[in-house]
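Okay, so here's the structure we're looking at.
The values are calculated or read from the model by the stated rules, or taken from the named source; none is laboratory data. None of these values were measured; they are calculated from a predicted model. Every residue, glycine as well, gets a Cβ built from its backbone with ideal geometry; the counts of neighbours run over all protein chains shown.
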Amino acid sequence: MAKLQNREALEKLRSSLQAKGQKSQKLISLCAGSGCGAYGTAKVHTVLQEELAKHDLQEKVQVKLTGCHGFCEKGPIMVIHPEGIFYPQVTPEKVPDIVKTTLIGQQLVDKLIYKDPVTKKKISHEHEIPFYKLQKRIIFGNNGLIDPTSIEDYIAVGGYAALAKALFDLTPQDILGEVKKSGLRGRGGGGFPTGIKWESCRRHEGQRYVICNADEGDPGAYMDRSILEGNPHSVIEGMLLAGFAVGATQGYFYIRAEYPLAIERVQRAIDQARDYGLVGASIFGSGFSLELDIRLGAGAFVCGEETALIASIEGKRGTPSPRPPYPSVKGLWGSSTVINNVETLANVAPIILNGGAWFARFGTEKSKGTKVFALTGKVKNSGLIEVPMGTSLRDIVYEIGGGIAGGGRLKAVQTGGPSGGVIPEKFLDTGVDYDNLQKLGSIMGSGGMIVMDENDCMVDIAKFYLKFCVDESCGKCAPCRIGGWQLLHILEGITEGRGTLEDLDRMQRIAKAMQKASLCGLGQTAGNPVLSTLKYFEAEYREHIVNRRCPAGKCTALLDFVIVKNKCKKCGLCARSCPEKAITGDREHGYAIDKTRCINCGMCFEACKFDAVERN
């Protein structure tokens, strides 16, 4: 392929690609992200190609394997354009009917149409589905339209136009000005103003670097992975714009090795961009040069911290260093370095193309733009969502998420992953932005959002996240290494019936000491789940300590299972489910639990269909 020597060559190629795409009457996009891929997109794609060939539709219908559409639990997702007809959970067996009825007969396959879990109404078009209605998809807008392995697809929808604009119409100072005007803040958790970070790096002489932090490690978070898998060129373009703004000549993607598909697609995208002359020496013939490479992380959560990430790239053990100096002053190999996460960089091209003022129209006064969240937990509609900053938790949970799964009652929403906190139901009308979440004792984090109901134990939740932080601590500083272990030890005692009321004050003191004295953000925020659950759910802690009882039924050491004789149907399901053979009896005389052998696993409780096993 020929290198693009100037803007005119890019626009000529774009026009050619758009004209070629218009030849097809229909476009079918199949989600091929990790989630839908696990559900079987490849098999659906194979059958679809066979059916199109059978009916001689290859020239009339274009098929694209795209990135994540967001509605992950409904995968594999098929959308037929230009109408936007939405078919969820498509299996190979459903494909012939779709081809025959919709593509040929121009009718909907009624039995395959999406059914809203709240209204029970059938909805046939993607944009009408409540999950998508309140979203503003600046970053994910093209995910369902382009093949992430094709640079031509990205160029056809406007890709690299922002880079051309920057190189031929703007100066580095102009770029910095637009990013500052946009109000873009770091989406990796810290929320530091992006323009100020870039400006600080630009002020220092010598070699400069740009780094994309793709070391996404929060439990339940997969936003960055989905962007890299679904639209890697959007992040590359953001890297190029950042490099031009700060005067860098080398950039690195730091991606955790557990993301093989993301790594593969980013490498392919870099190679494609290099072939077109969009990465490397004198891009567009402008004289600006930036080389991009990938470095893999071994999966250490602490390497999401900037200085630990830098140490890892340098081939050292990934542990944090004291700040200041900040990486923008002294970073990779002692040079000025800008580090931004995937989502932050994906926002840059739209900002430069449309202007900082355009981006600042979305969101709140101090939190501009949109934010991508991984909405999971006890919610009917789970998946990736992109909403304007300031959208209320209530709208996210009940409008986009469809409410609580299983008909339960919402108890809390956890944001920010291991570094975040829980937000109780009474704050559901709070707009989600950096400042509001901090006031409530939580953080934005990278964007994890877990919905919890009355069957979730807040003490157990705090223990889960603290154990994660203890396991992931690098051990370099004593406040994190020792304080985290002490907190976990106390929480384990409470969930096992060994807690005391003095433990509540003790945990507060330890967590606050960790906030003040830990070397990096991991230790400074590790106590947040403990502090927030103590703040809003202290009564639940007291129930564990005083009455040796877990109201949610999660802490097995505090549970007592009993088979109620007059309810028992003598079916034997409980006995067959017990891993310890702790249930004695037979179908003639009934069953009972041998307390000396019972491990309180709850399998009998789950197996019984007649409410004969009671949990106390």
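Can you tell me which residue within the range 101-123, out of those that are touching a residue at least 12 places away in the same chain (Cβ under 8 Å) and farther than 26 Å from residue 404 by Cβ, is nearest to the chain's Cα centre (by Cα)? Taking the candidates together, the pick is 112.
Looking at the range 331-341, can you tell me whether even one residue there is surrounded by fewer than 21 Cβ atoms within 10 Å (Cβ to Cβ) and free of Cβ contacts under 8 Å to residues at least 24 places away in the same chain?
Yes, because at least one residue in the range 331-341 is surrounded by fewer than 21 Cβ atoms within 10 Å (Cβ to Cβ) and free of Cβ contacts under 8 Å to residues at least 24 places away in the same chain.
For the range 1-88, the helices (runs of 4 or more DSSP H) that sit wholly inside it and include 2 or more residues that are under 27 Å from residue 261 (Cβ atoms) and out of contact with any helix residue (DSSP H, G or I) (no Cβ under 8 Å at 6 or more places or on another chain) are 34-39, 41-54. Does the range 433-444 include one or more residues that are among the small types (Gly, Ala, Ser) and more than 21 Å from residue 378 (Cα to Cα)? Within the range 433-444 (the criterion being among the small types (Gly, Ala, Ser) and more than 21 Å from residue 378 (Cα to Cα)), the answer is yes, since at least one residue qualifies. Looking at 186, 217, 206, just one residue is surrounded by fewer than 24 Cβ atoms within 10 Å (Cβ to Cβ), modelled with pLDDT under 95 and out of contact with any Lys or Arg (no Cβ under 9 Å at 6 or more places or on another chain), and that residue is 206. Residue 96 meets all of the listed conditions (1) at pLDDT 95 or above; (2) in contact with a Gly (Cβ under 8 Å, 6 or more places away or on another chain); (3) surrounded by 15 or more Cβ atoms within 10 Å (Cβ to Cβ) but one, namely (2). Select, from 317, 268, the only residue that is more than 15 Å from residue 252 (Cβ to Cβ) and either part of a helix (DSSP H, G or I) or not assigned by TED's automatic domain parsing to the domain that holds residue 238 (or both). Answer to the check: 268. Can you find even one residue in the range 535-556 that is out of contact with any Asp or Glu (no Cβ under 6 Å at 6 or more places or on another chain) and within 22 Å of residue 217 (Cβ to Cβ)? Looking for residues that are out of contact with any Asp or Glu (no Cβ under 6 Å at 6 or more places or on another chain) and within 22 Å of residue 217 (Cβ to Cβ), one finds none in the range 535-556, hence no.
Total residues in the range 256-278 satisfying the condition of being touching a strand residue (DSSP E or B) at 6+ places or on another chain (Cβ under 8 Å), more than 29 Å from residue 203 (Cβ to Cβ) and either aliphatic (A, V, I, L, M) or buried (at least 21 other Cβ atoms within 10 Å of the Cβ) (or both): the figure is 6. For the range 65-82, a residue qualifies if it is over 18 Å from residue 92 (Cβ atoms) and not small (Gly, Ala, Ser), and the qualifying residues are 66, 68, 69, 71, 72, 73, 81, 82.
When the range 303-330 is examined, which residues are found to be within 13 Å of residue 520 (Cβ to Cβ) and surrounded by fewer than 16 Cβ atoms within 10 Å (Cβ to Cβ)?
322, 323, listed by residue number.
May I ask you to verify whether residue 475 is outside the structural domain of residue 304 (by TED's automatic domain parsing), out of contact with any strand residue (DSSP E or B) (no Cβ under 7 Å at 6 or more places or on another chain), small (Gly, Ala, Ser) and over 22 Å from residue 317 (Cα atoms)? No, not satisfied.
As for the range 184-194, it holds no residue that is touching an Asp or Glu at 6+ places or on another chain (Cβ under 7 Å), in contact (Cβ under 8 Å) with a residue 40 or more places away in the chain and among the aliphatic types (A, V, I, L, M). Can you find even one residue in the range 106-121 that is over 24 Å from residue 18 (Cα atoms), crowded, with 21+ Cβ neighbours inside 10 Å and in contact with a Pro (Cβ under 6 Å, 6 or more places away or on another chain)? Yes: one or more hits. Filter the range 201-233 down to residues that are small (Gly, Ala, Ser) and under 16 Å from residue 69 (Cα atoms), then give me how many there are. Selection size over the range 201-233: 3.
In the condition set (1) surrounded by fewer than 18 Cβ atoms within 10 Å (Cβ to Cβ); (2) among the charged types (D, E, K, R); (3) assigned to a helix (DSSP H, G or I), residue 224 is compliant with all but (1). Only one of the listed residues (397, 413) is in a helix (DSSP H, G or I), buried (at least 19 other Cβ atoms within 10 Å of the Cβ), without any contact (Cβ under 8 Å) to a residue 60 or more places away in the chain and in contact with a strand residue (DSSP E or B) (Cβ under 8 Å, 6 or more places away or on another chain). That residue is 397. Return yes or no: is residue 155 in contact with a His (Cβ under 9 Å, 6 or more places away or on another chain), of a type in the set (A, V, I, L, M, F, W, C), closer than 18 Å to residue 21 by Cα and in contact (Cβ under 8 Å) with a residue 24 or more places away in the chain? For residue 155, the condition - in contact with a His (Cβ under 9 Å, 6 or more places away or on another chain), of a type in the set (A, V, I, L, M, F, W, C), closer than 18 Å to residue 21 by Cα and in contact (Cβ under 8 Å) with a residue 24 or more places away in the chain - is met. When residues in the range 425-459 are screened for being assigned to a loop (DSSP other than H, G, I, E, B) and in contact with a Cys (Cβ under 9 Å, 6 or more places away or on another chain), 1 of them pass.
Name every residue in the range 364-383 that is more than 17 Å from residue 189 (Cβ to Cβ) and either in contact (Cβ under 8 Å) with a residue 12 or more places away in the chain or hydrophobic (A, V, I, L, M, F, W, C) (or both), in order of residue number.
If the condition is that a residue be more than 17 Å from residue 189 (Cβ to Cβ) and either in contact (Cβ under 8 Å) with a residue 12 or more places away in the chain or hydrophobic (A, V, I, L, M, F, W, C) (or both), then 364, 375, 376, 377, 378, 379, 380, 381, 382, 383 are the ones that fit.
Can you pull out the residues in the range 133-152 that are acidic (Asp, Glu) and over 20 Å from residue 34 (Cα atoms)?
Passing the criteria: only 152.
Taking interchain pairs and intrachain pairs at least six residues apart, which have beta carbon atoms under 7 angstrom, with the first residue in the range 13-24 and surrounded by 11 or more Cβ atoms within 10 Å (Cβ to Cβ) and the second modelled with pLDDT under 95 and among the hydrophobic types (A, V, I, L, M, F, W, C)? Pairs that qualify, where the first residue is surrounded by 11 or more Cβ atoms within 10 Å (Cβ to Cβ) and the partner is modelled with pLDDT under 95 and among the hydrophobic types (A, V, I, L, M, F, W, C), are 13/4; 24/61. Does residue 251 satisfy the criteria of being surrounded by fewer than 18 Cβ atoms within 10 Å (Cβ to Cβ), more than 16 Å from the chain's Cα centre (by Cα), farther than 27 Å from residue 420 by Cα and modelled with pLDDT of 95 or more? Criteria not met by residue 251.
Taking (1) assigned to a helix (DSSP H, G or I); (2) within 19 Å of residue 311 (Cβ to Cβ); (3) acidic (Asp, Glu) in turn, residue 216 satisfies each apart from (1).
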